[in-house]
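S.K.: Structure below; questions to follow.
The values are calculated or read from the model by the stated rules, or taken from the named source; none is laboratory data. This structure is a prediction, so every number in the text was calculated from the model and none was measured. Note that each Cβ is placed from the backbone with ideal geometry, even for glycine, and that neighbours are counted across all protein chains shown.
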Amino acid sequence: MSRTLTYCQALSEGLVQAMERDESIFVTGIGVDYSSAVFGSTTEAVRKFGKERIFDAPAMENALTGIAIGAAAMGKRPLIVHLRNDFMFLAFDQMINLAAKWKYMYGPNAVPMPLVVRGIVGRGWGQGATHSQSLHGVLGHFPGLTVLAPATPADAKGMTIAALQADRPIVIIENRRLYDIKGPVDIEPNPTPLGRAFVRREGSDITIVGCSIMVQEALVAAQDLQQKGIAAEVVDIATVRPLDVDTITASIRKTGRLVVVDTDWEFCGLAAEIAALAAERCLKQLKAPVCRLGFADCPAPVSAPLEEAFYPKASSITKASLALCGESEEGMTFSAHVDTFKGPY
């Protein structure tokens with residue numbers, strides 16, 4: 001049975017249900033027990049479990065991650081929350097050189113490493129170059145890390161539960177502009193299968209692949225493409241690593257056209273990986289060159305108009321898809337994904 005929740009409410013419910021079932025889970029990070037409670041995603045958990053299991057931490061990302069790794073090695077299940085995933089750069093040594101390589105360095109009999117890290121993308125509100133990046137592509141480069149980018153409220157909950165049940169290091173990248181979107185969410189604590197992509201909309205003419213907020217933009221684009229009789233299939237990557245190659249390639253072979261849209265730079269990014277996958281495994285089925293859409297090749301601007309031009313959006317996906325399908329933009333009405341995120345900062 002399901003009912004409608006926002007993405008942020010789903011995150012909160014997933015955390016509470018996981019903590020109810022496993023007393024070894026604790027949460028730490030800057031502001032996790034403040035009144036703002038990470039945009040409200042930890043409010044209910046603080047109320048139910050108190051500050052012994054959900055507690056604030058100073059701005060010491062590298063040291064905090066080391067402490068969490070030690071706790072995980074001793075049988076706890078730590079969840080670290082970064083209000084901006086950019087701050088994870090300061091913890092990369094611990095995350096990549098220790099947590100991700102744990103089982104490779106210490107062998108099959110090593111104790112588990114159930115470390116979970118939430119990183120929030122701070123796009124918007126003049127966040128600028130250092131507070132608006134999305135590190136899913138960077139983190140997906142490293143063996144040993146599982147990297148998730150939920151695009152729906154159901155997956156926000158289900159992936160949180162699945163991550164907190166796993167015995168390996170997992171990073172969850174959340175775009176805060178998704179926090180107010182609504183969708184059906186199971187009442188029960190059902191984990192989302194990790195390592196799987198999901199077809200969010202079926203189509204036969206073109207495949208649009210993305211993750212996180214770009215899935216929502218792609219769904220708007222797919223709706224608009226119907227004006228020209230184009231049936232677009234939307235594939236939600238969901239798990240960046242390990243990547244569900246089979247679901248993605250099956251869709252590309254089915255439609256013969258591919259647009260990859262990402263909240264990252266195109267060069268050396270996830271979009272490049274998907275494009276390479278299409279070339280390696282689907283070349284004979286491709287009817288047109290692969291199109292990648294990503295950030296402009298510069299850091300994110302602070303100015304709101306420049307920032308709007310910086311990010312790919314539904315209209316840019318629609319225009320790229322029209323071009324690949326040999327259709328003109330004449331007579332088209334372009335819709336936009338409605339952004340209702342109101343903060344706090």
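S.K.: In the stretch 94-143, how many residues are buried (at least 24 other Cβ atoms within 10 Å of the Cβ) and at positive phi?
M.R.: Of the residues in the stretch 94-143, 0 are buried (at least 24 other Cβ atoms within 10 Å of the Cβ) and at positive phi.
S.K.: Among ASP180, ASP155, ASP167, which is the only one that is touching a helix residue (DSSP H, G or I) at 6+ places or on another chain (Cβ under 8 Å) and of a type in the set (Asp, Glu)?
M.R.: After ruling out the rest, the residue left standing is ASP180.
S.K.: Of the residues in the stretch 260-283, how many are assigned to a strand (DSSP E or B) and closer than 23 Å to LEU322 by Cβ?
M.R.: Of the residues in that region, 4 qualify.
S.K.: Any residue in the stretch 261-285 that's in contact (Cβ under 8 Å) with a residue 24 or more places away in the chain: show its pairings with residues that are in a helix (DSSP H, G or I) and basic (Lys, Arg) at Cβ separation under 6 Å, as long as the two are six or more apart or on different chains.
M.R.: Going by the 6 Å Cβ cut-off, the qualifying pairs are CYS282/ARG253; GLN285/ARG253.
S.K.: Just wondering, is there one or more residues in the stretch 36-59 that are in contact with a helix residue (DSSP H, G or I) (Cβ under 7 Å, 6 or more places away or on another chain), at pLDDT below 95 and of a type in the set (D, E, K, R)?
M.R.: No, the stretch 36-59 contains no residue that is in contact with a helix residue (DSSP H, G or I) (Cβ under 7 Å, 6 or more places away or on another chain), at pLDDT below 95 and of a type in the set (D, E, K, R).
S.K.: Right, next: Which of the residues belonging to the stretch 178-203 are touching a strand residue (DSSP E or B) at 6+ places or on another chain (Cβ under 7 Å) and surrounded by fewer than 16 Cβ atoms within 10 Å (Cβ to Cβ)?
M.R.: Scanning the stretch 178-203 gives LYS182, PRO184, ILE187, GLY195, ARG196, GLU202.
S.K.: Still on this model: Take the stretch 239-262 and flag every residue that is out of contact with any helix residue (DSSP H, G or I) (no Cβ under 6 Å at 6 or more places or on another chain) and within 25 Å of ALA163 (Cβ to Cβ).
M.R.: Within the stretch 239-262, THR239, ARG241, PRO242, LEU243, ASP244, VAL245, ASP246, THR247, ILE248 meet the criteria.
S.K.: So, one more: Return the residues of the stretch 289-320 that are buried (at least 20 other Cβ atoms within 10 Å of the Cβ), among the hydroxyl-bearing types (Ser, Thr, Tyr) and in contact with a strand residue (DSSP E or B) (Cβ under 8 Å, 6 or more places away or on another chain); say none if nothing qualifies.
M.R.: The one that is buried (at least 20 other Cβ atoms within 10 Å of the Cβ), among the hydroxyl-bearing types (Ser, Thr, Tyr) and in contact with a strand residue (DSSP E or B) (Cβ under 8 Å, 6 or more places away or on another chain): TYR311.
S.K.: Quick one: which residue in LEU79, LEU90 is of a type outside the set (Lys, Arg), over 16 Å from PRO169 (Cα atoms) and touching a residue at least 24 places away in the same chain (Cβ under 8 Å)?
M.R.: After ruling out the rest, the residue left standing is LEU90.
S.K.: GLU217 versus (1) acidic (Asp, Glu); (2) surrounded by fewer than 18 Cβ atoms within 10 Å (Cβ to Cβ); (3) within 19 Å of LEU293 (Cα to Cα): which is the lone unmet condition?
M.R.: (2)
S.K.: Being over 26 Å from PHE341 (Cβ atoms), surrounded by 19 or more Cβ atoms within 10 Å (Cβ to Cβ), β-branched (Val, Ile, Thr) and in the same structural domain as ASN109 (by the TED database) narrows it down to one of ILE54, ILE67, ILE25, so name that one.
M.R.: ILE25
S.K.: Say whether the condition of being in contact with a Gly (Cβ under 7 Å, 6 or more places away or on another chain), part of a helix (DSSP H, G or I) and either without any contact (Cβ under 8 Å) to a residue 12 or more places away in the chain or not basic (Lys, Arg) (or both) is met by at least one residue in the stretch 33-46.
M.R.: Yes, the stretch 33-46 contains at least one residue that is in contact with a Gly (Cβ under 7 Å, 6 or more places away or on another chain), part of a helix (DSSP H, G or I) and either without any contact (Cβ under 8 Å) to a residue 12 or more places away in the chain or not basic (Lys, Arg) (or both).
S.K.: Name the pairs whose Cβ atoms lie under 9 Å apart, with the first residue in the stretch 96-121 and under 17 Å from ALA57 (Cβ atoms), the second of a type in the set (D, E, K, R) and outside any loop (DSSP other than H, G, I, E, B), and 6 or more positions between them or separate chains?
M.R.: So the pair list comes out as LEU115/ARG77; VAL116/ARG77; ARG118/GLU174; GLY119/ASP86; GLY119/GLU174; ILE120/GLU174; ILE120/ARG176.
S.K.: Give the residues of the stretch 275-332 that are among the aromatic types (Phe, Trp, Tyr) and not assigned by the TED database to the domain that holds GLN226, sorted by residue number.
M.R.: Selection gives nothing.
S.K.: Within the stretch 144-177, work out how many residues are surrounded by fewer than 24 Cβ atoms within 10 Å (Cβ to Cβ), closer than 18 Å to GLN133 by Cβ and either more than 12 Å from the chain's Cα centre (by Cα) or not basic (Lys, Arg) (or both).
M.R.: 1
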